[in-house]
């Protein structure tokens with residue numbers, strides 16, 4: 001009984017105007033203080049624990065998701081005020097389609113409603129200067145949701161200060177596979193021919209005529225000169241002919257006369273950056289901080305490619321709907337501390353090298 | 001920013017019944033928004049003038065100084081907290097390592113493991129090469145740690161172990177590592193230890209048959225153990241290499257890009273590198289993957305002991321304990 005009274009008194013106190021004002025000031029000051037140190041440019045959140053929170057508080061699952069959305073709004077505010085450039089959140093996994101249908105539908109409705117509200121007051125995000133991007137497999141979304149998503153992305157496109165990436169039906173393996181596929185596609189479509197005033201056949205002709213030994217050869221080249229558009233190729237590019245597709249063993253260069261020759265960019269030029277640029281997160285700064293709530297210590301198919309290098313990964317015990325500045329502050333401060341330590345570790349090394 | 005009591009209630013009611021119009025919602029939100037950014041040049045100029053008017057930015061300067069002060073205080077308190085936490089964890093780790101020690105006897109490790117509900121089939125660890133000048137001390141320690149972990153795995157009955165080390169130095173000394181591990185197994189198991197095979201992707205493997213002895217007294221043969229050595233080039237670079245191969249195939253029209261599926265990539269990477277490990281153990285103080293193969297850690301349980309430094313049996317044991325309690329939900 002006394003417990004109940006205590007919690008009620010506490011709530012009454014926290015909701016009283018002076019306490020509220022003080023808390024508000026405190027938050028402002030803390031966020032302002034954080035910006036004095038280094039700030040991660042790209043933060044990813046895996047919003048886990050909405051359902052377990054709902055279960056432990058005896059409310060409906062979808063209620064839990066709604067509270068989770070409120071937590072997201074809080075966190076976004078903190079991030080953007082601190083100066084984080086890109087926030088990536090895991091809203092819905094492709095695996096989540098295995099959940100009960102009413103929950104999936106509820107989540108879709110939630111996403112649709114929130115995005116619709118976002119569109120209705122577009123200047124809202126303008127104040128934060130944030131643009132929305134939706135990362136994921138689009139063909140898994142239902143058409144009505146897809147339409148809203150596209151509209152939301154279009155209305156916020158011109159905001160440049162910050163980016164909110166919503167991963168929605170997303171898995172990282174799907175992302176990597178898509179990146180590989182689009183890289184392959186890019187490298188196996190012929191680049192558009194440069195419009196060059198120089199014709200290769202004319203040059204060969206000139207050379208041959210200078211040598212002036214065989215007129216028959218010359219005529220044979222003239223015959224083939226109205227060949228399909230040829231492109232200049234650098235030595236970094238490989239040649240393969242489409243006739244090689246019929247006889248894959250025959251060396252591609254043998255089919256002379258320049259007909260049907262397709263020039264592909266060299267596959268050896270593909271690097272990790274190439275794949276980076278084909279990921280959904282192309283153009284975002286490298287991931288500095290990865291936060292997963294609810295005490296589960298797994299990545300669960302989220303940002304695998306982005307976070308496996310020197311991202312600092314934090315697994316927190318609290319559920320996502322509870323997540324607030326008080327949970328996020330220690331993470332940020334610890335990150336800043338590690339950053340400072342790393343700088344210190346690097347500095348003496350540099351000094352030794354100079355000496 | 002905390003909300004006053006009424007607003008969240010109204011907001012949640014709206015969430016449920018969708019009763020508000022857009023204008024009402026904006027009215028609800030307005031007090032919590034930051035001031036709009038100056039959009040036109042005249043507005044920007046006005047903002048600048050206002051700033052200038054406020055005593056040449058004294059107010060802003062004071063605010064920044066105040067924030068800096070708070071920043072310093074927060075960091076000071078936080079370092080104090082970290083120190084205390086590190087000390088606390090160091091004590092706990094010491095207690096654990098005294099309480100759980102293997103004494104190089106497989107039976108003790110088996111007894112520890114027996115109570116666990118499940119064991120990983122494939123354990124993965126990340127080791128770090130500590131740079132002790134240019135000598136071979138770092139390498140020696142690394143090989144020693146690898147051998148220790150392999151022996152614990154063999155004792156616990158974990159059939160597959162992969163050891164990731166960023167620079168790939170272990171792969172360069174494959175035969176030496178192999179010898180060190182088999183020697184370590186002898187010190188644990190005596191002359192009739194488990195069969196050992198050590199290999200690394202793209203390097204021919206070395207296999208040692210189980211040492212032929214007079215059979216164990218209790219008749220139970222220890223399970224064979226496979227050790228896989230990984231380095232940073234088995235991570236991103238392997239995916240890049242796969243992309244190159246696929247591109248070449250596509251350029252020769254041996255493959256259409258629509259054939260590239262998750263299953264294909266997964267099968268290829270499984271074949272050439274390794275499958276998904278069940279448990280990944282880190283022996284560092286915090287979670288940083290330092291280039292570990294990204295494709296394979298999708299559902300891997302990641303274990304680390306906070307503020308722990310160095311390889312120890314207690315970390316290994318606690319990792320196994322934690323793993324036996326973890327549940328997989330697969331997105332459901």
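Among A:273-283, A:29-39, the peptide with the highest mean count of other Cβ atoms within 10 Å heads the list, and the full ranking is A:29-39, A:273-283. For residue A:341 and residue A:103, the difference between the fully extended length at 0.36 nm per residue and the C-alpha to C-alpha distance is 81.2 nm. When A:187, A:128 are sorted by how many other C-beta atoms sit within 10 angstrom of their C-beta, beginning with the fewest, the order is A:128, A:187. Other protein chain C-beta atoms within 10 Å of residue C-beta, averaged over B:289-301: 5.
Arrange A:170, B:88, B:173 by Cβ neighbour counts within 10 Å, fewest through most, would you? Present the calculation step by step, with values, prior to reporting the outcome.
Values: A:170 26, B:88 12, B:173 16.
Fewest to most other Cβ atoms nearby, the residues stand as B:88, B:173, A:170.
Label sites at residue A:55 and residue B:186, each approximated as a point 7 angstrom past Cα along Cα to Cβ, lie 5.2 nm apart. Using a simple spin-label model with pseudo-atoms 7 Å out from Cα toward Cβ, residue B:107 and residue A:157 lie 7.4 nm apart.
To the nearest 0.05, what FRET efficiency results for residue A:331 and residue B:92 with a Förster distance of 22 Å applied to their C-beta separation? Efficiency, from the Cβ-Cβ distance: 0.50. For peptide A:171-182, what's the mean number of Cβ atoms from other chains within 10 Å of each residue's Cβ? Taking the mean over all residues of the peptide, I get 5.
Between residue B:73 and residue B:253, the FRET efficiency from the beta-carbon distance, with R0 = 56 Å, is close to 0.25.
Once fully extended, how much extra length lies between residue A:318 and residue A:150, figured as 0.36 nm per residue of separation less the alpha-carbon to alpha-carbon distance?
Going from the current span to full extension adds 57.2 nm.
Can you work out the PRE-style zone for residue B:83? Point 7 Å along Cα to Cβ, and I want the residues of the stretch B:291-321 with backbone N under 20 Å. Those under the cut-off are B:307-309.
Placing a pseudo-label 7 Å from each Cα along the Cα-to-Cβ vector at residue B:116 and residue A:186 gives an inter-label distance of 4.3 nm.
Over the stretch B:226-332, consider all pairs of different Cα atoms and compute the Kirkwood hydrodynamic radius from their mean reciprocal separation; express it in Å, one decimal. It would help to have the intermediate numbers written out before the result.
Values: mean 1/r = 0.0620 Å⁻¹.
Kirkwood radius, the stretch B:226-332: 16.1 Å.
The packing ranking of peptides A:301-308, A:4-11, A:138-145, highest mean first, is A:301-308, A:138-145, A:4-11, where packing means the average number of other beta carbon atoms within 10 angstrom of each residue. Residues A:328, A:13, A:315 in ascending order of nearby Cβ atoms (within 10 Å, fewest first): A:13, A:315, A:328. One Cα centroid belongs to the stretch B:63-101, the other to the stretch A:72-111; the line between them spans 32 Å. Partner shielding of B:79-92 amounts to 1, given as the average count of beta-carbon atoms from other chains within 10 Å of each residue beta-carbon.
Note the full-extension length gain between residue A:13 and residue A:35 as 0.36 nm times their separation in residues minus their Cα-Cα distance, in nm to one decimal. Before the final figure, lay out each step's value.
Values: separation 22, 0.36 × 22 = 7.92 nm, distance 2.99 nm.
The residue A:13-residue A:35 span can extend by a further 4.9 nm.
Rule-based calculations on the coordinates, nothing more; no lab input. What you see is a predicted model; the values in this text were computed from it and never measured. Here Cβ is always computed from backbone atoms with ideal geometry, including for glycine, and neighbour counts include all displayed protein chains.
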